[in-house]
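Taken together, the values in this text are just the output of simple stated rules run on the coordinates, not laboratory data. Remember, it's a predicted structure, so these values are computed and weren't measured experimentally. No Cβ is skipped: glycine too gets one built from the backbone with ideal geometry, and neighbour counts run over all protein chains shown.
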Amino acid sequence: MKTDKMITVVRLVIFLIIACVPGIFIVTWINSYLGAPMYSNPAISSSPVVGLANFCMMLPAFGVLVTRVFTKQGFKDALLEFNARGNLKYYAMAVLIPLAYGTIGNLLSNLASGADLGKMLTGEAFWDLFPIALYLPTSIIPCIIMFFGEEFGWRGYLIPQLEKLMPTPAAVIVGGVIWGLWHAPITISGHNFGVDYPGFPYVGILLMILDCICMGAFLTLLTRRTKSVWPAVIAHGINNTATTALLIPFISPTYIPTGSTTPDVIATFLIYGIPVAVTGIVSFVLLCLDWKKERKAA
Amino acid sequence: MQGLLYKEFYENRRWLKLFAAFAFYGFFIMLSRIFFMFKVNEQLELLTAFATPLVLMLMTGIINTTIFRYDEKKLWSGFVSSTPVAAKGQVKSKYLFALLLYMITLSACFIADTLNCALHGAAPVFETVALVFWVQLIFSALEFPFVIRFGSKKGNNIRAVIVIALLFIIIVYALFGDISIFITEEGFYDFATRLLKGEIGAKEMLWVNAVIPYVAITLYILSYKLSCKFYQKGAESFEN
């Protein structure tokens, strides 16, 4: 028992070193090449060199490969099967729930910016914007390797290994904290929040950790219920690329009245995060119930 | 079904090794400036950055035209039909293998394009690569049921007929249709570059990029269902 736990800890250490450390060097190199944090302003973040940061998303999968091969763990429990039969509702949830919380979150943050709801939803440019709405959900397919790279590492390996050391609810929280800290190099580089907010970068890192715990709970629920990483891959992809898809065709270009005050970036993130938090809490409760059932059955 | 998928990778291992070798060669040339601190000839770098996605897509297309040939045997079709996965599993493994290969190529092209944009400041061409991916998927969706029903020789002939028909339509349009948008002072290369960058035809291309994934996915699924129905009939014409 003790030996098994020690082996799991060693595997986790190897995985985390490979998943986290190279990313620090990659992001540092990009920032020094650009001469400024890569997301500090639009002119710098539009540089194609920033695209290299996307390769950090493949590091968790690389960490899993190396850890499983060198510690002779094998790939039997790698959660790579699709297991779609009987689990189509989870695949549908993987697409629809991120679209739903993204739409609600964007609506709320636009309203907080003083947007006129009636004007906002007139859809003046509906047919011009409709193809973008159609395109966004499928745009994850060409770059799915990036999202697979993350989910194969976090939900496919980190959470199951943490579950060997602690109860599932604790594993989800610890996993979320690790995932949030993994984002720290790019958060410090201005991702999501910029570099000008009060409490930079600690507030940004904390918010990222909270966001990762909530999203992590939802993605872990999908993975555990389907015994497959693929719904989490899809949900992560939709979350990163297509959360505004449903709203886009309806947004009138003139929805924000002139002279309105836009809340600061932290406030906007918190408002957007309300539906994400609700999703995370519901998922967390369901995970706790599943874990209790498994304990009773065992 | 997993075993059948492994079999596909095993049967095509030589092609896949060539594919991997070419992809690694391409990335090595593109990354040599950063990781290995030596500067390869700049023209070779640019040529490699352009050629890598093109060759990988061509290779995938070639591999996917041969995946049915080695299983066109009565003994094999009889055996696989008697297994728990049955003919449906056999057909599914072919479709999944083809799709996986396209996805791997697409991912490699995505990486190559990101490197090319970052290292050489080139314009991104990934949208065009993605479009080619969907078009290849549509071609496979149209071709595979014919190959399964009539055998790979006849199936490839039918694919050739479809391609010739498309070329014929294009030639007829070029001869008699409205080609005023193609007649410009700038020349074809500049026109193509501006088309790729989205400076012309952006609205039409947006609709194409938006709709084609749904068309391709729907056709691929329908093609799979049709192929499952055709498999037994097609197996009757196999040799021993």
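Would you kindly derive the ³J(HN,Hα) couplings of the stretch A:13-28 from the backbone phi angles with the Karplus curve 6.51 cos²θ - 1.76 cosθ + 1.60 (θ = phi - 60°), listing them in order in whole Hz, with x for Gly and Pro?
For the stretch A:13-28, the Karplus curve yields 4, 4, 4, 5, 4, 5, 6, 9, 5, x, x, 4, 5, 5, 5, 4 Hz.
Which of the peptides B:127-137, B:158-168 is most tightly packed, and how do the rest follow, going by the mean number of other Cβ atoms within 10 Å of each residue? Spell out each step's value before the answer.
On the way: B:127-137: 19.8, B:158-168: 12.0.
Ranking, from highest mean packing down: B:127-137, B:158-168.
What ranking, highest mean first, results for peptides A:114-121, B:143-150 when packing means the other Cβ atoms within 10 Å averaged over each residue?
Details: A:114-121: 14.5, B:143-150: 22.6.
So the order, starting with the most tightly packed, is B:143-150, A:114-121.
From the helices alone, meaning DSSP H stretches of at least four residues, give me the mean residue ellipticity at 222 nm for chain A, per-run term -39500 (n - 2.57), in deg cm²/dmol to the nearest 500.
Numbers: 13 runs with 196 residues, N = 298.
Calculated at 222 nm, the ellipticity per residue is -21500 deg cm²/dmol.
Mind ordering A:5-14, A:100-109 by average Cβ neighbours within 10 Å, highest first?
On the way: A:5-14: 14.3, A:100-109: 19.9.
Descending packing order for the listed peptides: A:100-109, A:5-14.
Kindly provide log₁₀ I(q)/I(0) values, in the same order as q = 0.12 Å⁻¹, from the Debye equation applied to equal alpha-carbon scatterers of the stretch A:76-297.
Log10 I(q)/I(0), no solvent term: -0.70.
Between A:L165 and A:F82, what length in nm is gained on full extension when 0.36 nm per residue of separation is reduced by their alpha carbon distance? The partial results should precede the final answer.
Values: separation 83, 0.36 × 83 = 29.88 nm, distance 2.65 nm.
Full extension of this stretch gives 27.2 nm more.
Could you give the length gained by full extension between A:V285 and A:I14, i.e. 0.36 nm per residue of separation minus their alpha carbon distance, to one decimal place? Before the final figure, lay out the partial values.
Values: separation 271, 0.36 × 271 = 97.56 nm, distance 3.08 nm.
Here the answer is 94.5 nm.
Using θ = phi - 60° and the Karplus form 6.51 cos²θ - 1.76 cosθ + 1.60, what ³J(HN,Hα) does each residue of the stretch A:149-162 get, whole Hz, x for Gly and Pro?
x, 6, 5, 4, x, 6, 7, x, 10, 4, 4, x, 5, 5
Taking every residue in A:55-62, how many Cβ atoms of other protein chains lie within 10 Å of its Cβ, on average? Can you show the working numbers first?
Values: counts 4, 0, 0, 2, 0, 0, 0, 0.
For peptide A:55-62, the averaged partner shielding equals 1.
What does the extension gain come out to for B:Y173 and B:L5, with contour length at 0.36 nm per residue minus their alpha carbon separation? Could the numbers behind the result be given before it?
Details: separation 168, 0.36 × 168 = 60.48 nm, distance 4.26 nm.
Value of the extension gain: 56.2 nm.
Could you give each residue of the stretch A:224-238 its phi-based ³J(HN,Hα) in whole Hz, using Karplus coefficients 6.51, -1.76, 1.60 with θ = phi - 60°, and x for Gly or Pro?
Here the 3J(HN,Hα) series is 5, 6, 9, 6, 8, 7, 5, x, 5, 4, 5, 4, 4, x, 5 Hz.
Between B:T83 and A:D264, with labels modelled 7 Å along Cα→Cβ, what's the label distance in nm to one decimal, could you check?
It works out to 6.2 nm between the two label points.
Report the local net charge at A:R224: Lys and Arg +1, Asp and Glu -1, summed over other residues whose C-beta lies under 11 Å from its C-beta.
Details: positive: A:R155, A:R225, A:K227; negative: A:E163, A:D290, A:E294.
Charge balance in the 11 Å sphere: 0.
Per-residue Cβ counts within 10 Å, from other chains only, averaged over A:134-147: what number is that? Intermediate values should be presented prior to the final figure.
Working: counts 7, 10, 1, 2, 10, 5, 0, 8, 14, 7, 4, 7, 4, 0.
That average works out to 6.
Just check the stretch A:1-155 against the gyration tensor rule for me: Cα atoms, a ≥ b ≥ c as the square roots of the eigenvalues, rounded for a/c under 1.5, and otherwise prolate or oblate depending on whether a/b exceeds b/c. Let's see the in-between values first.
Values: a/c = 2.54, a/b = 1.48, b/c = 1.72.
It comes out oblate by the Cα gyration axes.
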